[in-house]
1. Can you work out the accessible area per residue across the chain, with the rest of the protein chains kept in place, probe 1.4 Å, in square angstrom?
2. What list of ³J(HN,Hα) values in whole Hz, one per residue of the range 65-77 in order, does the Karplus curve 6.51 cos²θ - 1.76 cosθ + 1.60 (θ = phi - 60°) give from phi, with Gly and Pro shown as x?
3. Starting from the Cα of LYS40, draw a straight line to each of the lysines and keep only those under 22 Å, dropping any in the same chain fewer than 8 residues away.
4. Excluding LYS167 itself, what net charge comes from residues whose Cβ is under 11 Å from its Cβ, given Lys and Arg +1 and Asp and Glu -1?
5. Enumerate the whole-percent occupancy of each 10 Å bin, from 0 to the last occupied one, for all C-alpha pair distances of the chain.
6. Describe numerically, in nm with one decimal, the distance between label points set 7 Å from Cα along Cα→Cβ at ASN9 and at VAL23.
7. State the percentage of accessible surface on the range 66-186 attributable to carbon and sulfur atoms; use a 1.4 Å probe and exclude ligands, DNA and RNA.
8. Can you tell me the length gained on complete extension of the stretch GLU124 to GLN161, counting 0.36 nm per residue apart and subtracting the Cα distance?
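The values are calculated or read from the model by the stated rules, or taken from the named source; none is laboratory data. Nothing here was measured: the structure is a model prediction, and the numbers come from that model. Heads up, the Cβs are rebuilt from the backbone with ideal geometry, glycines too, and the neighbour counts pull from every protein chain shown. Quick note on the areas: whole protein, heavy atoms, side chains included, nothing else; ligands and nucleic acids left out. Shrake-Rupley method; radii C 1.70, N 1.55, O 1.52, S 1.80 Å.
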Amino acid sequence: MAAASDFRNGMAILHNNDVWVIVEFQHFNPGNWRAMVRTKLKHAKSGRVVDHTFRMSDKIEEVQLEEKDMQYLYEADNNLYFMDNETYEQTFISANLLGDQKRFLKEGNICHVMFYEGKAISAELPFFIEFKITEAEPAVKGDTATGVMKNAVIETGAKVQVPLFIKEGDNIKIDTRTGKYLERVK
């Protein structure tokens, strides 16, 4: 059991019979009351982030999560299948757990998979991934205002906003956390 004063970013805890990861915490002392810890907790399975306040006297069970980098293979029956490149063992997680990030998942990506008691509970994509443009709207001559963007489709089928100079066949880098275009890649 850990005390609230032992909290640190990235620590996994068992709270309300679920596994949560501490994203952020802050100790505070409200006037003449007892000290407390405000936290932002990320649900390990769904990725949902909530705010919660713990008293300093609260005892919290710390959870040990195993983390592995695994290669994404394919999707079947609403499950995403991953393979450990060292042991060639395969595991899966529900496609719903990735949420909006799933649109940036392409075969061969190395993802960060977290396990709890031997079962895969979540996966995170790399922050930056390169994609090939499969469709892009043509740029209209004279449309050169700063920051003007157009629609494009990447190889996974996801639609993204890109600058006017990007054309079909170009390779670009995307931030998978926000879905925003970063740069053209040679």
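1. I get 62 Å² per residue for the chain.
2. 9, 8, 10, 9, 8, 10, 8, 6, 9, 6, 10, 8, 6
3. LYS59
4. Here the count lands on -2.
5. With a bin width of 10 Å, the distribution comes to 9, 28, 25, 20, 13, 5, 0.
6. About 1.3 nm separates the two model spin labels.
7. The value for the range 66-186 is 48 percent carbon and sulfur by accessible area.
8. Extra length available between GLU124 and GLN161 comes to 11.1 nm.
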